[in-house]
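The values are calculated or read from the model by the stated rules, or taken from the named source; none is laboratory data. Predicted, not measured: the structure shown is a model, and the values here were computed from it. Cβ atoms come from the backbone with ideal geometry, glycine included; neighbour counts cover every protein chain shown.
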Amino acid sequence: AWRRARGRHLSVGQSTIPVAWLAVEADVSGLVELRRRARDAFEEAHGVRLTFMPFLVRAIALTLREHPALNASYSEDGVLRHERFDMGIAVATDSGLLVPVLRAADTKSLAQLAGELQDLGERARARTLTRDELIDATLTIDNTGAFGSLISQPIVPVGQVAIVTTEAIRRELRIVSGVDGGDAFAPRSVMNLAISFDHRALDGAEAGAFMAALKARLEAIGPDDPLDAGA
């Protein structure tokens, strides 16, 4: 029943929302090293796994706070911007996709985000979420990279104006500044980030500015940063 209802919901979105799409690549080498160094102590201190998702959710929520045009709903009456930043988190289950909502994501510490993400994911797969935990997201995040995806073009959920996908982190050669000031090749950890957005509510400049800011925020994370830096 839930899969059929979600199918109808997505069909409405795909048939009524004029969707535009763009993607950026972010160098997340600093983030990868920060997580590697902090993972064991974090898990011992907080009792939850330190995945990349808490970093990504926090970065998206904080960037969204600076670009509130994307934290909105569209109707025939116009665009309604939301004051809260409630992130829908897509979770794959045996019965299909569920999207529990992580409330006030822009106010949470990394430990809080990690704990809530783990809890919502476990209860989504156990089918024990309440209805209130599945409604009123202001933007959806889909970690398609968990399945090895390099790029994807998601459907904008009805009631939102954008959805962001976080893709697989991969190790590749990139051109960087060499010690002599010239160009050099170096192995880097990079990932794609993609956004589908409702063109009635946003134009490419607004979506592009948001994605550029998100890319910059993630690339600014250094291996020696405090875990909650930049909040």
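Which residues, taken from the range 62-85, are in a helix (DSSP H, G or I), farther than 15 Å from Leu218 by Cβ and not basic (Lys, Arg)? If you could, list the steps in order and put the result at the bottom.
Just the residues of the range 62-85 that are in a helix (DSSP H, G or I), to begin with: 62-66, 68-70.
Remaining after also requiring farther than 15 Å from Leu218 by Cβ: 65, 68-70.
Pro68, Ala69, Leu70 - these are the residues of the range 62-85 that are in a helix (DSSP H, G or I), farther than 15 Å from Leu218 by Cβ and not basic (Lys, Arg).
Among residues that are buried (at least 18 other Cβ atoms within 10 Å of the Cβ), in contact (Cβ under 8 Å) with a residue 24 or more places away in the chain and either β-branched (Val, Ile, Thr) or under 20 Å from Gln118 (Cα atoms) (or both), Arg35 is not included.
Within the range 129-146, the set of residues being part of a loop (DSSP other than H, G, I, E, B) and closer than 20 Å to His82 by Cα comprises Ile135, Asp136, Ala137, Thr138.
The residue list Ser189, Ser177, Ser196 contains one member that is polar (S, T, N, Q), under 18 Å from Leu56 (Cβ atoms) and either crowded, with 22+ Cβ neighbours inside 10 Å or free of Cβ contacts under 8 Å to residues at least 12 places away in the same chain (or both), which is Ser196. Test Ala59 against the stated conditions and say whether it is over 18 Å from Arg103 (Cβ atoms) and either free of Cβ contacts under 8 Å to residues at least 24 places away in the same chain or part of a helix (DSSP H, G or I) (or both). Taking the combined requirement at face value, the residue does not satisfy it. Here His46 meets each of (1) modelled with pLDDT under 95; (2) surrounded by 13 or more Cβ atoms within 10 Å (Cβ to Cβ) with one exception, condition (1). Condition check for Glu83 on (1) farther than 19 Å from Leu214 by Cα; (2) in contact with a Phe, Trp or Tyr (Cβ under 8 Å, 6 or more places away or on another chain); (3) loosely packed, with under 14 Cβ neighbours inside 10 Å: one failure, at (2).
Could you please give the count of residues in the range 164-174 that are in contact with a Ser or Thr (Cβ under 8 Å, 6 or more places away or on another chain) and either touching a residue at least 40 places away in the same chain (Cβ under 8 Å) or acidic (Asp, Glu) (or both)? Please lay out each step first, then the result.
To start, the set of residues in the range 164-174 that are in contact with a Ser or Thr (Cβ under 8 Å, 6 or more places away or on another chain) comprises 164-171.
Those still in the list that are either touching a residue at least 40 places away in the same chain (Cβ under 8 Å) or acidic (Asp, Glu) (or both) too: 164, 166-167, 169.
Count: 4.
Checked against (1) of a type in the set (Ser, Thr, Tyr); (2) under 28 Å from Pro226 (Cα atoms); (3) more than 14 Å from the chain's Cα centre (by Cα), Tyr74 passes all but a single condition, namely (2). Among the conditions (1) at pLDDT 95 or above; (2) over 25 Å from Leu31 (Cα atoms); (3) of a type in the set (Asp, Glu), Asp180 misses just one, which is (1). Among the residues making up the range 100-128, those that are surrounded by fewer than 20 Cβ atoms within 10 Å (Cβ to Cβ), part of a loop (DSSP other than H, G, I, E, B) and either under 14 Å from the mean Cα position of the chain (by Cα) or not hydroxyl-bearing (Ser, Thr, Tyr) (or both) are Arg103, Ala104, Ala126, Arg127.
Of all the residues in the range 85-104, those that are small (Gly, Ala, Ser) and within 18 Å of Thr138 (Cβ to Cβ) number 3. Given the structure, is Ile155 part of a loop (DSSP other than H, G, I, E, B), touching a residue at least 40 places away in the same chain (Cβ under 8 Å) and either of a type in the set (A, V, I, L, M, F, W, C) or closer than 16 Å to Leu97 by Cα (or both)? Against the criterion (part of a loop (DSSP other than H, G, I, E, B), touching a residue at least 40 places away in the same chain (Cβ under 8 Å) and either of a type in the set (A, V, I, L, M, F, W, C) or closer than 16 Å to Leu97 by Cα (or both)), Ile155 qualifies.
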